[in-house]
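Asks: This is the structure, below, for whatever I ask next.
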Amino acid sequence: MYAIEKELKILRQFISPKLMDDLKKWKCYSEEEILAAEKRLHVKLPVPIRDIYRHMADLLVTSGYLRPLELLHREGNYLGFFLSPGEDSVVGIQKGKTSGELYMWEENDPKGISWEYLDNLETACEEGDEEGKRKAVAAYQKYWNKRNIPFIHAPLNVHKQDQGPWFNQHLEGYGLFLAIHSIQEWEGMAWHEHTGETTCLFSDFFPARFSKEYFQNIAERIQDDFKPLSGHPELMDLDDFPLRMAYVHKDLEALLILGLEPVCFMLLTKGVAERAFLEKVQEQTGLAFHVGF
């Protein structure tokens, strides 16, 4: 498995200050907190998961894609970290395996009781109620410890994620995808708040009819200035699509995101995009960039 600390630190620089204000309910976790969770679970967490909890937990928990560290629990022989976008499924690993291969399952909580404890924890976090947080976490863990005593309460419909792009099948790739997806999702929902700004721009939509050659040409034109976010190509691959999921500018001042279902580019910059820079990006991609869709 690859460490993804470097990639997460780069992505974090492009979370807008407005969004950071919305993330204060949750926080990233310290090494001490991760060690405490490992002691409680009797397992060493994989390096990519440790990276995610240290550098991107606030964004991913707020987005509903990552389980708070305090609430990590085993279900049978599985340990779930993620909640799959658009599905009522948990994504995680099989305990004892070190390959980082992912599994998806339905949590065996027929009455949805654990969600009540999660709601209590969220409320306590919003109110800064430390005692309320401790009670909610203790109740949640007690509930799952009881459910794990008889193994008839194993997770439901477990299946290995062995289809689709590489990132969808491996822990580090999936975590990095969720971080990119969350930033893209939040900025996409808040584009109307940026009408007077040029730090979040969208390209024209890609042509309705296009070929791989069209995107291959874009990849070749941008390669002098934009590099894939990760030096491990498989983490950014979109199966056999010519472009990667995300690119970072050579001076680390801009991020070009394609996303999972490419319809257009999103361009994020740390400051107001200068006219000359924007003109060059438009020339390289062959697409106009503007605020909003």
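The values are calculated or read from the model by the stated rules, or taken from the named source; none is laboratory data. Everything quoted here is computed from the prediction, not taken from an experiment. Counting neighbours? That spans all protein chains shown, and the Cβs are built from the backbone with ideal geometry, glycine included. When the accessible area is computed, the model is the full protein with side chains, heavy atoms only, and any ligands, DNA or RNA have been set aside. Shrake-Rupley method; radii C 1.70, N 1.55, O 1.52, S 1.80 Å.
Asks: Let me confirm something: among D240, D251, D224, which residue is open to solvent by 20 Å² or more (accessible area, probe 1.4 Å), under 21 Å from G173 (Cα atoms) and over 20 Å from the mean Cα position of the chain (by Cα)?
Replies: D240
Asks: Evaluate the following for S230: is it within 30 Å of S89 (Cα to Cα), part of a loop (DSSP other than H, G, I, E, B) and of a type in the set (S, T, N, Q)?
Replies: Details: within 30 Å of S89 (Cα to Cα): yes; part of a loop (DSSP other than H, G, I, E, B): yes; of a type in the set (S, T, N, Q): yes.
When the stated conditions are applied, S230 passes them.
Asks: Considering (1) farther than 16 Å from Y117 by Cα; (2) open to solvent by less than 10 Å² (accessible area, probe 1.4 Å), say which one L83 fails and leave the rest.
Replies: (2)
Asks: Also, I was wondering about something else. How about the stretch 257-293: which of its residues are under 24 Å from I15 (Cβ atoms), of a type in the set (G, A, S) and open to solvent by 10 Å² or more (accessible area, probe 1.4 Å)?
Replies: Within the stretch 257-293, G271, A273 meet the criteria.
Asks: I'd like the full set of residues that are surrounded by 14 or more Cβ atoms within 10 Å (Cβ to Cβ) and small (G, A, S), limited to the stretch 28-41.
Replies: Scanning the stretch 28-41 gives A36, A37.
Asks: Now for a separate question. State the number of residues belonging to the stretch 31-64 that are out of contact with any Asp or Glu (no Cβ under 7 Å at 6 or more places or on another chain) and farther than 22 Å from I180 by Cα.
Replies: Final tally of qualifying residues: 13.
Asks: Would you be able to tell me the number of residues in the stretch 168-181 that are farther than 17 Å from L11 by Cα and crowded, with 24+ Cβ neighbours inside 10 Å?
Replies: So the count comes out to 1.
Asks: Let me ask something else. Report every pair of residues separated by at least 6 positions or lying on different chains whose Cβ atoms are under 7 Å apart, first residue within the stretch 98-111 and without any contact (Cβ under 8 Å) to a residue 24 or more places away in the chain, second part of a strand (DSSP E or B) and open to solvent by less than 20 Å² (accessible area, probe 1.4 Å).
Replies: Cβ pairs passing all conditions: none.
Asks: Could you pull out every one of the strands (runs of 3 or more DSSP E) wholly within the stretch 74-159 that has 1 or more residues that are more than 21 Å from K39 (Cβ to Cβ) and touching a helix residue (DSSP H, G or I) at 6+ places or on another chain (Cβ under 9 Å)?
Replies: On the way: elements: 78-83, 90-94, 103-106.
So the answer is 78-83, 90-94.
For every residue, the table says whether it meets (1) assigned to a loop (DSSP other than H, G, I, E, B); (2) modelled with pLDDT under 95; (3) loosely packed, with under 14 Cβ neighbours inside 10 Å.
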position: M1; (1), (2), (3): yes, yes, no
position: K9; (1), (2), (3): no, no, yes
position: F14; (1), (2), (3): yes, yes, no
position: L19; (1), (2), (3): no, yes, no
position: W26; (1), (2), (3): yes, yes, no
position: V43; (1), (2), (3): yes, yes, no
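Asks: For the stretch 88-103, name all the residues that are modelled with pLDDT of 85 or more, open to solvent by 20 Å² or more (accessible area, probe 1.4 Å) and more than 17 Å from H73 (Cβ to Cβ).
Replies: E101
Asks: Select from the stretch 233-259 the residues that are assigned to a helix (DSSP H, G or I) and in contact (Cβ under 8 Å) with a residue 12 or more places away in the chain and list them in ascending order. It would help to see each step written out before you state the result.
Replies: We begin by selecting, within the stretch 233-259, every residue assigned to a helix (DSSP H, G or I); these are 233-236.
E234, L235, M236 - these are the residues of the stretch 233-259 that are assigned to a helix (DSSP H, G or I) and in contact (Cβ under 8 Å) with a residue 12 or more places away in the chain.
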